[in-house]
Amino acid sequence: MRVQGIMGTALLAFSFTALAGTAEVSWKDVDSYTDIRPADGSRDRYQKKVMDQLAEHFQWLAAKLPEDQKLEITVTDVDLTGRVEPTFGRSSSNYVRIVREIDFPRMEFDYRLVDKSGDAIKEGQAHVKNMGFNYDSLASRMRRDDLYFEKQMLTQWFEENFVNQPGE
């Protein structure tokens, strides 16, 4: 009985996924982005991790669209929450990402929502920011997801532009 319930849930989840829109995310001039720097470790590896996680989030958002629609995103700038600042220890300098209320996340990108024939349904440029994030109240949740505030910001933009449309 328990296995049937799990299988039923898995099949139901698959059926919703199969009927979902998709997203295609590209990254333009990554080296000129305002802030996509690691506090420590490899810059290339960190950038890839951030880009993969944000692209995955766009995919998750696009799954809410009708199956014959695709959201095309070209990211032109990223400014992550906080700032990377030096700290000095006994033997060498290290860096740490400091998050203050004035260091809110921002992102700029071009977008196109297209139908199955490739015709644009909606398109434009987005300049999104989350100036009202409250780091203190969500600190424990953010520790589990380094890009929590960026994803929250993108979710709000998506809902305002594609889900909560007047007259629908």
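The values are calculated or read from the model by the stated rules, or taken from the named source; none is laboratory data. The model shown is predicted, which means the values in this text are computed figures rather than measured ones. Ideal geometry is used to build each Cβ from the backbone, glycine not excepted, and the neighbour counts take in all protein chains shown. Ligands, DNA and RNA are excluded from the accessible area calculation, which covers all protein heavy atoms including side chains. Shrake-Rupley method; radii C 1.70, N 1.55, O 1.52, S 1.80 Å.
Summary table below
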quantity: Selection status of D68, among the acidic types (D, E) and open to solvent by less than 60 Å² (accessible area, probe 1.4 Å); calculated: no
quantity: Residues satisfying the stated conditions in the stretch 20-31, i.e. exposed (fewer than 15 other Cβ atoms within 10 Å of the Cβ) and within 15 Å of Y46 (Cα to Cα); calculated: D31
quantity: Of the criteria (1) modelled with pLDDT under 90; (2) under 18 Å from A20 (Cα atoms); (3) not polar (S, T, N, Q), which one P66 fails; calculated: (1)
quantity: Cβ-Cβ under 9 Å pairs, at least 6 apart or on other chains, the stretch 109-124 side farther than 23 Å from E150 by Cα, far side at pLDDT below 95 and of a type in the set (G, A, S); calculated: V114/A120
quantity: Tally of residues being open to solvent by less than 100 Å² (accessible area, probe 1.4 Å) and more than 17 Å from the chain's Cα centre (by Cα) across the stretch 39-61; calculated: 3
quantity: Filtered residues of the stretch 95-123 (kept if surrounded by 12 or more Cβ atoms within 10 Å (Cβ to Cβ) and either at positive phi or at pLDDT below 80 (or both)); calculated: Y95, V96, R97, I98, V99, D103
quantity: Meets criteria (acidic (D, E), under 30 Å from F88 (Cβ atoms) and without any contact (Cβ under 8 Å) to a residue 40 or more places away in the chain) for D31; calculated: yes
